[in-house]
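Asks: Pasting a structure below so you can have a look.
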Amino acid sequence: MRAYVDQDACIGCGLCTATAPDVFEMNDAGKAVAVADTTEENQDSVQEAIQGCPVSAIRESE
């Protein structure tokens, strides 16, 4: 699976990149993007990023 960041909703706070830096990065527009799949090793940090997003811009997709 891979997380998906809604670019219209993202406010670029950086919480997800701090929580799961192996999965999320900031793009040139200052918004988060998922750059790696969710794995067994990073699943907890991805879920923490999803739950912690202040604007609920992150979800998991298949």
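Yes or no, residue by residue, for (1) over 11 Å from residue 1 (Cβ atoms); (2) not charged (D, E, K, R):
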residue: 20; (1), (2): yes, yes
residue: 23; (1), (2): no, yes
residue: 33; (1), (2): yes, yes
residue: 37; (1), (2): no, no
residue: 54; (1), (2): yes, yes
residue: 60; (1), (2): no, no
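Asks: Can you pull out the residues in the range 39-48 that are surrounded by 13 or more Cβ atoms within 10 Å (Cβ to Cβ) and either without any contact (Cβ under 8 Å) to a residue 12 or more places away in the chain or in contact with a strand residue (DSSP E or B) (Cβ under 6 Å, 6 or more places away or on another chain) (or both)?
Replies: Step one: list which residues in the range 39-48 are surrounded by 13 or more Cβ atoms within 10 Å (Cβ to Cβ), which gives 42-43, 45-48.
Selection gives 43, 46, 47.
Asks: Would you confirm whether any residue within the range 12-23 is in contact with a Pro (Cβ under 8 Å, 6 or more places away or on another chain) and surrounded by 12 or more Cβ atoms within 10 Å (Cβ to Cβ)?
Replies: Pass one, the range 12-23, residues in contact with a Pro (Cβ under 8 Å, 6 or more places away or on another chain): 13, 15.
Narrowing the set further to residues that are surrounded by 12 or more Cβ atoms within 10 Å (Cβ to Cβ) leaves 13, 15.
There is at least one residue in the range 12-23 that is in contact with a Pro (Cβ under 8 Å, 6 or more places away or on another chain) and surrounded by 12 or more Cβ atoms within 10 Å (Cβ to Cβ).
Asks: Can you give me the number of residues within the range 48-62 that are assigned to a loop (DSSP other than H, G, I, E, B) and closer than 11 Å to residue 17 by Cα? Show your work before the answer.
Replies: Of all residues in the range 48-62, those assigned to a loop (DSSP other than H, G, I, E, B) come to 53-57, 62.
Of the ones still in play, those that are also closer than 11 Å to residue 17 by Cα are 53.
Matching residues across the range 48-62 total 1.
Asks: Could you look through the range 1-47, keep only residues that are in a strand (DSSP E or B) and more than 15 Å from residue 61 (Cα to Cα), and pick out the one that is farthest from the chain's Cα centre (by Cα)? Even if it seems obvious, please write down each step before you answer.
Replies: Step one: of the range 1-47, the residues in a strand (DSSP E or B) are 2-5, 24-26, 32-34, 37.
Next cut, more than 15 Å from residue 61 (Cα to Cα) only: 25-26, 32.
Working: 25: 8, 26: 9, 32: 6 Å.
The residue in question is 26.
Just so you know, all these numbers are worked out from the coordinates, no wet-lab data involved. The shown structure was predicted, so the numbers you read here are calculated from the model rather than taken from an experiment. Backbone-built Cβ (ideal geometry, glycine too); neighbour counts: all protein chains shown.
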